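J.: Pasting in a structure now, in structure tokens, and then I'll have a few things to ask.
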Amino acid sequence: RVIATYSTSSTAAGSWVSFYAGTITSQTITFNQISTQSTTATYTLAATASSGLTVSYTSNSTDVCTISGTTVTFLMGGTCSITADQAGDYSYYPADPVTVNFLVTAPNKTITFNNNGGSGSMTDQVSNTPIEIKLNTFTRSGYTFSGWSSTSGTQTVEYSNSQIYNFT
């Protein structure tokens, strides 16, 4: 395939037109599979295009992972899906996009329930994925349960019974 580029310029002697004719070449992307990653780290992407042109990246799972330049930040456990793309230029056709999917793990975190001066007990909840907070089983004479807080002794309600808690 041949591409022609036209330009015109006005000079004192008149106008001229120049032509560029060249071949457009196919290109491919090499994007190796990524091993399991953790939410406690970041990852630097390193896909390459056979043309030598810069590869761009898109996260297809922004709830699990986001991308800034070539750096991936992991937000929560799950499957991260990233597509590498190269749009081409005047010498190269666009490359076929390449997508990799990989697992992101999150360390277990613990919710410990404090009766805040009441009576009763509740077992801790341990998870590394979003879960529903247990229903309150504590009692305290003269008080009505209004919700959960991450700070002991406060009256600020941050979470309600059965609310989904995201361990990120």
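J.: List pairs: first residue in the stretch 133-150 and without any contact (Cβ under 8 Å) to a residue 24 or more places away in the chain, second residue surrounded by 11 or more Cβ atoms within 10 Å (Cβ to Cβ) and among the small types (Gly, Ala, Ser) anywhere in the structure, Cβ distance under 6 angstrom, at least six positions apart or on different chains.
T.: Here the result reads Thr137/Gly120; Thr139/Gly118; Thr139/Gly120; Gly147/Ser160, each pair linking the stretch 133-150 to a residue that is surrounded by 11 or more Cβ atoms within 10 Å (Cβ to Cβ) and among the small types (Gly, Ala, Ser).
J.: Please specify each residue of the stretch 73-96 satisfying the condition of being of a type in the set (Gly, Ala, Ser), surrounded by 18 or more Cβ atoms within 10 Å (Cβ to Cβ) and not in a strand (DSSP E or B).
T.: Result: Gly77, Ala95.
J.: Filter the stretch 33-55 down to residues that are part of a loop (DSSP other than H, G, I, E, B), under 16 Å from Tyr93 (Cβ atoms), open to solvent by less than 30 Å² (accessible area, probe 1.4 Å) and among the aliphatic types (A, V, I, L, M), then give me how many there are.
T.: Total satisfying the criteria: 1.
J.: Tell me which residues, restricted to the stretch 57-72, are open to solvent by less than 60 Å² (accessible area, probe 1.4 Å), part of a strand (DSSP E or B) and either in contact (Cβ under 8 Å) with a residue 12 or more places away in the chain or in contact with a Pro (Cβ under 8 Å, 6 or more places away or on another chain) (or both).
T.: Correct list: Tyr57, Ser59, Cys65, Ile67, Thr71, Val72.
The values are calculated or read from the model by the stated rules, or taken from the named source; none is laboratory data. What you are looking at is a predicted structure, and each value in this text was computed from that prediction instead of being measured. Cβ: placed from backbone, ideal geometry, glycine included. Neighbour counts: every protein chain shown. With ligands, DNA and RNA removed, areas are computed over all heavy atoms of the protein, side chains included. Shrake-Rupley method; radii C 1.70, N 1.55, O 1.52, S 1.80 Å.
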